[in-house]
Amino acid sequence: MHPQRFPLTQKARLRDAQGRILLLRDAATGTWDLPGGRLDPGELSDLAASLQRGLTEELGALNAHIDGSPSALLPHAMADGAEALMLVWDGVADGIPQLSAEHDAWCWWTPDDGREPTAPALRSVLDLPSDVSWHYGLVGTRGAIART
């Protein structure tokens, strides 16, 4: 049994040199998503370190550099059905991910390649340009905050 976790998840929108975004396929559900994960107890005080922990767990030694602050905050449905808030960080990456057992595939995603991320709200974040500053807006019928 896992300890109680704070209902906040963090995802990294990692781009390669061609501007493609890294997606991982969940081994249990077959859905595509951004790398990242939930905060563990005590991690709220250092969100960047928490994100780095999650990326290391999911991607191994992939060379990933995260920008200094999150680029979006929006509601997110977790694979287990739990609702959470999702912080999305932008960054760059190169190399080959060493996937954890939680994922069975990875790809460098573009909007026209046919792979759909898990949540419609996440698709809206994927479509945002990488050079944005914070703005407030709506994603679907639920509120979201993102940089423009």
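The values are calculated or read from the model by the stated rules, or taken from the named source; none is laboratory data. What you are looking at is a predicted structure, and each value in this text was computed from that prediction instead of being measured. Counting neighbours? That spans all protein chains shown, and the Cβs are built from the backbone with ideal geometry, glycine included. In case anyone asks, the SASA skips ligands and DNA or RNA and just uses the protein heavy atoms, side chains included. Shrake-Rupley method; radii C 1.70, N 1.55, O 1.52, S 1.80 Å.
A few comments on the model shown:
- Of all residues in region 16-58, those satisfying the criterion of being charged (D, E, K, R) and either part of a strand (DSSP E or B) or under 20 Å from GLN98 (Cβ atoms) (or both) are ASP16, ARG20, ARG25, ASP26, ASP33, ARG38, ARG53, GLU57, GLU58.
- For region 25-53, the candidate set comprises residues that are open to solvent by less than 10 Å² (accessible area, probe 1.4 Å) and over 17 Å from ALA77 (Cβ atoms); within that set, the residue that is farthest from the chain's Cα centre (by Cα) is SER50.
- Close pairs (7 angstrom Cβ cut-off, 6 or more residues apart or separate chains): closer than 9 Å to GLY91 by Cβ in region 50-68, open to solvent by 20 Å² or more (accessible area, probe 1.4 Å) and part of a helix (DSSP H, G or I) anywhere: ILE66/ALA48
- Look at (1) open to solvent by less than 80 Å² (accessible area, probe 1.4 Å); (2) touching a Phe, Trp or Tyr at 6+ places or on another chain (Cβ under 9 Å); (3) not acidic (Asp, Glu) and you find that ILE96 fails only one, number (1).
- Every residue from region 105-118 that is open to solvent by 80 Å² or more (accessible area, probe 1.4 Å) and either assigned to a strand (DSSP E or B) or at pLDDT 90 or above (or both): TRP106
- Among the residues making up region 62-74, those that are open to solvent by less than 30 Å² (accessible area, probe 1.4 Å) and assigned to a strand (DSSP E or B) are ALA64, PRO70, SER71, ALA72, LEU74.
- For region 75-86, the set of residues classified as in contact with a strand residue (DSSP E or B) (Cβ under 8 Å, 6 or more places away or on another chain) and either under 15 Å from LEU22 (Cα atoms) or open to solvent by 70 Å² or more (accessible area, probe 1.4 Å) (or both) consists of ALA79, GLU83, LEU85, listed by residue number.
- Scanning region 62-92 for residues that are among the small types (Gly, Ala, Ser) and either closer than 11 Å to LYS11 by Cβ or in contact with a Pro (Cβ under 9 Å, 6 or more places away or on another chain) (or both) yields ALA64, SER71, ALA72, ALA82, ALA84, GLY91.
- Against the criterion of being within 12 Å of the chain's Cα centre (by Cα), open to solvent by less than 60 Å² (accessible area, probe 1.4 Å) and at pLDDT below 85, TRP89 does not qualify.
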